[in-house]
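Note sheet for the following structure.
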Amino acid sequence: MMAAVAAALLFPSASGAQNTVKETDSLVFRQSAALDSALVGKSIYNILNGGHYGSGEVKIHQSQAITDAMRRHIERNPSRTLSGYRVRIFFDNSQNARNASEQVVRKFSISYPGVPAYRSYQNPFFKVAVGDFRTKSEAMEFLQRVKPAFPAAFIVKEPIEFPAPDRKHTFTIDTVKVARNL
């Protein structure tokens, strides 16, 4: 109902007659951030000021106040999380749920090395969620990969760790709703 009202406001007809709006999902490809994983956790200013980088020399003239402010910001924010998505592969409150959750984590870690698994307990449930996905589309893609081994898996929105840079995927795919006036 709300979508139809919003569509009518976005696409008013010249005659004042009611328009038919069709909503479809569409994929959007956007360039991923280009990061050099060799520089993760390092101060680029110290690396560049250290002398030669490549074949040229770089000199940075920067106020010490900027360097100090950045250092204080990092010290005050040790936990770097953001809102994102994970795939929950286990959710149970039975008597053997603790042992079962540990076995699920082991099974997952063997099948998907390099993908983080998070085991948690929120009374009365033991939970296992995997991955750190910035977009729901990334989580949906991974969900399809794990569904055969974990058929009860589903997507959850929760705070995630910053995903590691990925040189293999230079773009991110996201799903958007497109409203078309018929």
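The values are calculated or read from the model by the stated rules, or taken from the named source; none is laboratory data. Since the structure is predicted, the reported quantities are computational estimates derived from the model, not experimental observations. Accessible surface areas use protein heavy atoms only, side chains included; no ligands, DNA or RNA. Shrake-Rupley method; radii C 1.70, N 1.55, O 1.52, S 1.80 Å.
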- Show the residues, 5+ positions off or on another chain, whose built amide H is closer than 5 Å to the amide H of Phe90. Val128
- With all protein chains in place and a 1.4 Å probe, Thr175 shows an accessible area in Å² (nearest 10) of 60
- Item | Heavy-atom surface of segment 59-116, accessible at 1.4 Å and reported per residue (Å²) | 75
